[in-house]
Amino acid sequence: MIEISSDLIFGKKVLLRYDLDVPIRNGKVVEDFRLKAGLPTLRLCLENADQVIMMGHIGRPGGREVPELSVEPIYDWLYSQVDLRSHMESGKLKLLENLRFEVGEEACSEAYAREILKRVQDDGEDGGMFYVNEAFAAHHSSASTTILPTFLPHAVGLKFAEEVRVLKDLKENAKRPKVAIIGGKKIEDKYPAVVGLSSFFEHILVGGLLAQEIREKHLEIAENVILGEANDNGIDISDQTTQEFEEKIMESKTVFWAGPVGKYEDPAGNHGNQRLAGKIASLNMDSFICGGDTIAATKGFQDKFTHILVGGGASTEYLVKDTLPTIDVLK
């Protein structure tokens with residue numbers, strides 16, 4: 001895995017796979033941590049490349065055009081960054097539409113990857129092309145992340161490389177005891193993480209719909225996995241569970257958190273997230289907060305965490321498997 005440098009991209013047309021999958025409401029970006037995290041790589045590209053073509057996905061449109069999942073709010077956000085505006089106006093920086101509007105993206109279609117390549121080849125500059133992946137969170141195989149880079153010289157972005165280093169250090173050198181908080185609702189991603197992480201964390205604290213599904217489906221879990229209970233409104237963890245989780249956190253020296261334990265978009269469902277974030281922030285411990293939803297749910301405490309990582313499911317999968325499809329293809 002090669003990290004981006006000015007020498008690699010100088011004078012090239014850079015295809016920059018970016019983390020665009022951020023919360024958008026009423027046509028506006030409402031949580032921009034992922035977008036900001038990639039800016040050092042984007043600026044390095046603009047300083048050295050002839051042209052930068054950004055691309056990525058938002059949500060799960062299922063291979064059809066969904067207006068509310070268009071990249072227009074991302075374009076507006078980029079344009080609001082004063083130092084990027086002139087590059088956008090001149091055409092040096094361009095943004096492709098949501099890649100998942102085409103079925104070929106999630107189908108990992110080689111034909112679609114070649115279509116992307118042809119589209120940007122016909123777009124102005126004649127210089128050599130170079131692929132950069134700055135979308136650590138987009139860890140599933142897709143046309144733009146695991147097929148397209150095989151056609152071009154490639155590297156990973158600065159934040160991508162940092163996330164790999166941080167997670168590797170967490171697994172190999174973190175202070176014990178270690179506790180993991182796993183929440184959210186993507187059971188296909190998170191249940192394997194609960195199983196895998198239980199072998200090298202002292203405690204796994206599970207909240208959100210994930211805990212409910214594991215319980216309802218009678219899925220097997222290790223003895224060190226604690227399934228949280230929902231409160232009366234069903235969109236947050238109960239006070240008793242919150243207290244139990246806090247006690248486990250206080251016994252630990254390292255906490256890894258991927259996925260909110262309540263419906264953070266609703267103020268009535270975010271009390272548990274905020275209480276746990278406050279408890280972590282008050283302690284002298286190493287803390288790893290992972291994924292866009294977790295970042296949004298812990299708003300107000302972010303400057304107290306040791307590491308904030310863009311990858312949620314990507315982070316847990318990397319810890320369990322020591323690699324990702326998007327890393328394997330760039331070796």
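A few comments on the model shown:
- Under the shape rule built on the C-alpha gyration tensor, where the axes satisfy a ≥ b ≥ c, the stretch 117-196 is prolate, since a/c reaches at least 1.5 and a/b is greater than b/c.
- Highest-fluctuation residue, Val29, Val261, Val310 considered, GNM on the chain with Cα pairs under 10 Å: Val29
- All alpha carbon pair distances within the stretch 174-327 were sorted into 10 Å bins beginning at 0; the resulting P(r) in whole percents reads 12, 47, 36, 5, 0.
- Whole-number Å³ per residue for the convex hull built on Cα positions in the stretch 6-161: 102 Å³
- Here is the list for the stretch 1-104: GluC sites (Glu not before Pro) lying in DSSP coil, each with at most 12 other C-beta atoms within 10 angstrom of its C-beta, are Glu65.
- 29 Å Cα-Cα threshold exceeded, pairs from Lys36/Lys263; Lys118/Lys168; Lys94/Lys168: Lys118/Lys168; Lys94/Lys168
- Of all DSSP beta bridges in the stretch 6-161, antiparallel share, percent nearest 5: 10 percent
Rule-based calculations on the coordinates, nothing more; no lab input. Please read these numbers as outputs of a predicted model, since none were measured by experiment. Using ideal geometry, Cβ is built from the backbone for each residue, glycine included, and neighbour counts are taken over all protein chains shown.
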